[in-house]
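The values are calculated or read from the model by the stated rules, or taken from the named source; none is laboratory data. Computed from a predicted model, the values in this text were never measured in an experiment. Heads up, the Cβs are rebuilt from the backbone with ideal geometry, glycines too, and the neighbour counts pull from every protein chain shown.
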Amino acid sequence: MGNFFLPAATLWQRELVRFWRQKSRVLGVVASPLVFWLIMGYGSGDLARFYSGALVLTVMFSAIFSTISIIEDRREGFLLSMLVSPAPRTSLVLGKILGAATLAWIQGLIFLAFAPLAGVGITPAGLLPVAGAVFLISFTLTGLGFAIAWKMTSTSGFHAIMNLLLVPMWMVSGSLFPMATAHGWVRAIMWVNPLTYSIALMNHTLRLPGASPGAVESLAVTAVFGLGMVVLSGMFAAQKATSSAA
Amino acid sequence: MIRVENLTHKYGGRTALNGVSFEVRQGEIFGLLGPNGGGKSTLFRILATMMTPTGGRATVAGFDVARDPAAVRRQVGVVFQSQSLDKALTVEENLRAQGHLHGLSGADLRGRMGHAMERLGLADRRKDLVDTLSGGLRRRVEIAKALLHKPQVLLMDEASTGLDPAARRELSRHVETLRETEGVTILLTTHILEEADRCDRLVLLHRGNIVAQGTPAELRASIGGDVVVLEAAGAKPLAEAIERRFGVRTTAANGHVRIEIPNGHRFITEVVEAFPGAIDSVGLHKPTLEDVFVRETGASIG
């Protein structure tokens with residue numbers, strides 16, 4: 001299995017090189033959460049309240065961008081030749097997810113530059129847990145995106161899932177209103193929504209109000225969900241095709 | 001090198017391959033010729049280990065594609081019909097990534113990349129982004145990529161699709177050179193007659209069945225003499241009338257009547273005189289693979 005890390009590393013590197021050559025992608029990913037945050041923040045007079053939500057949205061958009069490309073890439077693209085190479089599928093999954101997660105992380109870090117507007121001061125020492133939390137969330141959302149994308153045969157299907165599942169998931173994660181003030185079934189959904197714990201994790205590390213559930217619980221749920229998604233992606237990718245997708 | 005025995009594949013209720021058998025020898029350029037939907041792509045995908053057949057068996061370099069796909073993948077290089085290059089990367093970066101997927105690295109990989117680019121005339125384009133290359137050049141990068149791990153067999157699916165005739169001929173030349181210099185066995189699928197004619201041997205596939213096989217010359221020789229094609233508004237009745245009058249076999253389709261006949265030039269004068277006004281145009285040619293296909297199936301390849 002000396003053949004495991006080289007394919008994963010080359011895929012990771014490929015994501016970074018592509019990103020570097022298409023730097024304008026940063027704008028597409030960071031701009032809309034930023035506009036959204038500024039409108040909600042200035043409109044309500046509380047920029048701090050929506051900051052974590054907008055940061056996670058940035059990471060989510062990046063993760064979706066990266067994983068949606070899997071669908072086309074597998075039918076006609078670079079992924080095709082990976083599928084007929086002797087490299088283990090699990091190594092390909094890991095490389096792709098780590099690469100896409102790194103991009104999401106970089107864009108999340110770019111969004112952190114706006115933290116002072118929310119009244120958040122990040123000291124050099126405080127940056128480490130914040131950057132760590134952003135990476136963990138990037139990894140989790142990329143894993144989720146991969147698991148969805150691998151099962152899709154068209155990008156329009158992914159867009160439907162994004163509008164019907166991912167965006168609503170984000171809306172009921174504490175990004176817009178805290179769990180404590182939510183009512184009835186929405187509150188129940190928030191409680192089981194893994195993204196709720198991601199938002200809480202950001203609020204904890206940024207020392208923003210509305211940090212609930214607790215820090216340990218948030219960290220644990222996000223990490224377990226992330227690992228679960230990666231394992232699921234690996235299982236999907238390892239399945240052997242008996243009929244052709246294209 | 002490749003052995004296919006009674007290979008069958010069904011998608012749900014549809015039979016894409018219906019008990020196909022053939023053998024490809026070491027160092028051959030072997031063609032699968034047929035129209036789209038004939039079963040070529042299914043066969044290709046099975047040999048490339050992208051799909052498990054529902055019946056029969058296929059081996060490449062002695063390894064079973066269904067039971068030992070990992071071993072097969074080390075022995076085959078695959079060139080897809082659709083592009084499998086990353087356009088945002090350079091020629092060299094694409095090749096390097098492919099090498100890494102095969103566990104190659106360092107000086108060994110650099111040597112192989114240099115060799116492959118040299119062979120396919122890509123050395124001066126190594127730093128270019130794939131996005132800036134022409135279709136023909138991209139195809140050559142695909143082939144270079146497929147050869148990096150020194151496979152014994154090269155599988156090419158409709159590799160010349162979308163290329164102009166000049167680029168297609170150039171690609172064929174490169175493929176022939178590879179067979180000579182690297183001793184690689186090549187199996188290609190095509191629906192282009194000119195490309196099929198350059199193969200050492202081929203099988204004609206139609207609706208999942210092999211309708212004919214042999215060398216291009218043998219297949220063409222299976223049609224005695226010449227092929228006469230008459231264009232006529234009333235092709236069907238004309239064909240029947242010709243059969244009655246001359247006692248020859250005809251096929252009529254799409255406003256054309258085809259007749260296989262020795263000494264076609266004499267037949268033409270007779271038939272034109274026999275049916276004045278009924279024939280719009282007359283053509284005579286030596287048999288092509290298309291003619292073989294039409295005779296065996298009644299359908300055309302294009």
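Here are the numbers for this structure:
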{"item": "Flag for residue A:105 being touching a helix residue (DSSP H, G or I) at 6+ places or on another chain (Cβ under 7 Å) and closer than 18 Å to residue A:13 by Cα", "result": "yes"}
{"item": "Within segment B:1-86, strands (runs of 3 or more DSSP E) holding 1 or more residues that are free of Cβ contacts under 8 Å to residues at least 60 places away in the same chain", "result": "B:2-11, B:14-24, B:55-60"}
{"item": "Enumeration of residues in segment B:55-70 that are in contact with a Ser or Thr (Cβ under 6 Å, 6 or more places away or on another chain) and at the interface with chain A (Cβ under 9 Å from one of its Cβ atoms)", "result": "B:69"}
{"item": "Unmet criterion (only one of (1) more than 14 Å from chain A (Cβ to nearest Cβ); (2) under 25 Å from residue B:37 (Cβ atoms); (3) of a type outside the set (Gly, Ala, Ser); (4) crowded, with 20+ Cβ neighbours inside 10 Å) for residue B:140", "result": "(2)"}
{"item": "Any hit, segment A:230-240, residues being surrounded by fewer than 18 Cβ atoms within 10 Å (Cβ to Cβ), outside any helix (DSSP H, G or I) and within 14 Å of chain B (Cβ to nearest Cβ)", "result": "yes"}
{"item": "Some residue of segment B:155-173 being in contact with an Asp or Glu (Cβ under 8 Å, 6 or more places away or on another chain) and at pLDDT 90 or above", "result": "no"}
{"item": "Any hit, segment A:99-116, residues being in a loop (DSSP other than H, G, I, E, B), over 30 Å from residue B:104 (Cβ atoms) and without any contact (Cβ under 8 Å) to a residue 60 or more places away in the chain", "result": "yes"}
{"item": "Residue match in segment B:111-128 (condition: at negative phi, surrounded by 19 or more Cβ atoms within 10 Å (Cβ to Cβ) and within 13 Å of another protein chain (Cβ to nearest Cβ))", "result": "no"}
{"item": "In segment A:1-11, the residues that are surrounded by fewer than 19 Cβ atoms within 10 Å (Cβ to Cβ), among the polar types (S, T, N, Q) and outside any loop (DSSP other than H, G, I, E, B)", "result": "none"}
{"item": "Output for segment B:160-186, where each listed residue is within 14 Å of another protein chain (Cβ to nearest Cβ) and either closer than 21 Å to residue B:3 by Cα or of a type in the set (Gly, Ala, Ser) (or both)", "result": "B:162"}
{"item": "Boolean, residue A:58 is touching a His at 6+ places or on another chain (Cβ under 8 Å) and buried (at least 23 other Cβ atoms within 10 Å of the Cβ)", "result": "no"}
{"item": "Flag for residue A:80 being away from every other protein chain (no Cβ under 14 Å) and surrounded by fewer than 23 Cβ atoms within 10 Å (Cβ to Cβ)", "result": "no"}
{"item": "Single residue of segment A:12-56 satisfying the filter (part of a helix (DSSP H, G or I), within 14 Å of another protein chain (Cβ to nearest Cβ) and more than 18 Å from the chain's Cα centre (by Cα)) that is farthest from residue B:129 (Cα to Cα)", "result": "A:13"}
{"item": "Residue A:200 at pLDDT 90 or above, over 14 Å from the mean Cα position of the chain (by Cα), more than 14 Å from chain B (Cβ to nearest Cβ) and surrounded by fewer than 20 Cβ atoms within 10 Å (Cβ to Cβ)", "result": "no"}
{"item": "Selected residue (criterion: farthest from residue B:46 (Cα to Cα)) from residues of segment B:71-102 that are surrounded by fewer than 22 Cβ atoms within 10 Å (Cβ to Cβ), in contact with a strand residue (DSSP E or B) (Cβ under 8 Å, 6 or more places away or on another chain) and more than 8 Å from chain A (Cβ to nearest Cβ)", "result": "B:90"}
{"item": "Spans of helices (runs of 4 or more DSSP H) in segment B:193-280 with at least 3 residues within 26 Å of residue B:36 (Cβ to Cβ)", "result": "B:193-197, B:216-221"}
